[in-house]
Amino acid sequence: MSNLNGRVIVVTGGARGQGREEAEQLAAQGASVVVADVIEPEHELPDRVAFRRHDVTSPDDWNTLAEALKSEYGAVFGLVNNAGIVGSRGRAGRLEDITLDDWNRLLQVNTTGCFLGIQTLSRLMTGGGSIVNISSIAGAGAHFSAGYGVSKWALRGLSRIASMELGPRGIRVNTILPGYIHTPMQNQTPQHFIDAHLSLIPLGRIGAPKDVAPVVAFLMSDESAWISGVDIPVDGGAIGHVGLRVISDAMTVATNGA
Ligand code: NAD
């Protein structure tokens with residue numbers, strides 16, 4: 001297990017879901033974690049995890065957070081840009097039907113919120129640091145929901161640029177691409193959407209926050225000291241076959257029968 005003692009790490013959207021698990025695992029490994037979210041945590045936070053009400057789309061909130069972190073800790077080591085929204089589904093998520101409001105909101109939270117976090121908190125990473133951006137497999141292909149997909153593709157681009165610009169200051173920037181993860185974000189998800197995901201996953205199950213959090217902890221640790229500018233899918237193998245699994249499955253059926 002890595003040692004994150006003394007590292008101050010901000011996790012956006014850490015009140016629930018993947019961010020919550022990430023905050024708990026980082027704290028368990030010794031980090032001082034600040035969860036920054038628009039909602040209150042659903043359960044009491046463990047030791048070494050503090051909560052701040054914070055909207056990632058607000059430059060004022062980022063500046064206020066940075067001032068508070070500077071006066072309390074002096075420097076920050078890590079930022080996990082985890083907060084995200086999915087926007088409308090069904091036809092309303094499609095390119096032909098998505099509203100400009102929906103489109104703008106998705107980009108504002110999922111991409112601009114991360115940009116603001118990187119710009120504001122990297123100034124406090126005076127002793128080097130690590131930034132992890134939570135994109136999605138939606139940022140690796142032509143995923144359903146135009147605004148969500150574009151926001152997650154844009155985040156990958158932002159990560160690469162940040163990794164190039166911040167590297168000389170000893171700040172690493174990497175991206176995680178989770179596949180379908182069972183969290184409150186998916187509470188209203190219809191079964192056919194889940195089944196379609198499952199049909200893509202060679203490892204045969206959907207993901208859990210516990211599948212993603214250890215990868216975040218690794219990227220916050222010195223064990224990943226020479227890793228920057230990469231995208232790491234955590235998806236049970238879903239995007240590794242770039243959709244070609246349907247051909248393999250068809251061949252299996254033809255050979256063995258249904
Ligand atoms: P979730 O909805 O359970 O958690 C998201 C958190 O972000 C919530 O606590 C929410 O309050 C917070 N948030 C939303 N808007 C915010 C804002 N403006 N400011 C601050 N906090 C805000 O979802 P999750 O599944 O835990 O998602 C975490 C990340 O993983 C998101 O970026 C999401 O897009 C991404 N992701 C999720 C899945 C999945 O299947 N669940 C798959 C791929 C990627």
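Couple of notes before you dig in:
- Number of residues in the stretch 186-201 that are outside any loop (DSSP other than H, G, I, E, B) and either touching a Lys or Arg at 6+ places or on another chain (Cβ under 9 Å) or away from the ligand (no atom under 11 Å from the Cβ) (or both): the value is 6.
- Hits in the stretch 41-61 - residues which are over 24 Å from Gln119 (Cα atoms) and touching a strand residue (DSSP E or B) at 6+ places or on another chain (Cβ under 7 Å): Pro41, Leu45, Arg48
- Selected residue (criterion: nearest to Ser130 (Cα to Cα)) from residues of the stretch 98-107 that are within 16 Å of the ligand (Cβ to nearest atom) and surrounded by fewer than 16 Cβ atoms within 10 Å (Cβ to Cβ): Asn104
- Among residues of the stretch 100-117 that are touching a residue at least 40 places away in the same chain (Cβ under 8 Å) and over 23 Å from Glu165 (Cβ atoms), those with a Cβ under 6 angstrom from a residue that is aromatic (Phe, Trp, Tyr) and assigned to a helix (DSSP H, G or I), sequence gap 6+ or separate chain, pair up as Leu106/Tyr148.
- Output for the stretch 225-258, where each listed residue is in a loop (DSSP other than H, G, I, E, B) and in contact with a Ser or Thr (Cβ under 8 Å, 6 or more places away or on another chain): Ser228, Gly229, Val230, His241
- Given (1) crowded, with 19+ Cβ neighbours inside 10 Å; (2) under 14 Å from the mean Cα position of the chain (by Cα); (3) more than 11 Å from the ligand (Cβ to nearest atom), index of the condition Asp231 fails: (1)
- Of all residues in the stretch 71-97, those being away from the ligand (no atom under 16 Å from the Cβ), small (Gly, Ala, Ser) and modelled with pLDDT under 95 number 2.
- In the stretch 202-212, the residues that are within 10 Å of the ligand (Cβ to nearest atom) and in a helix (DSSP H, G or I): Pro209, Val212
- Under the condition of being in a loop (DSSP other than H, G, I, E, B), among the small types (Gly, Ala, Ser) and either more than 10 Å from the ligand (Cβ to nearest atom) or farther than 19 Å from Ile118 by Cβ (or both), the residues counted in the stretch 134-185 number 6.
- Within the stretch 153-170, residues that are farther than 15 Å from Val80 by Cα and modelled with pLDDT of 95 or more reach partners that are outside any helix (DSSP H, G or I) and of a type in the set (Lys, Arg) with beta carbons closer than 9 Å, at six or more positions or on different chains, in the pairs Leu166/Arg172.
- Unique match (being within 15 Å of the ligand (Cβ to nearest atom), charged (D, E, K, R) and under 19 Å from Met220 (Cα atoms)) among Glu40, Glu24: Glu24
The values are calculated or read from the model by the stated rules, or taken from the named source; none is laboratory data. All values reported here derive from a predicted model rather than from experimental measurement. All Cβ positions, even for glycine, are placed from backbone atoms using ideal geometry, and neighbour counts span all protein chains on display.
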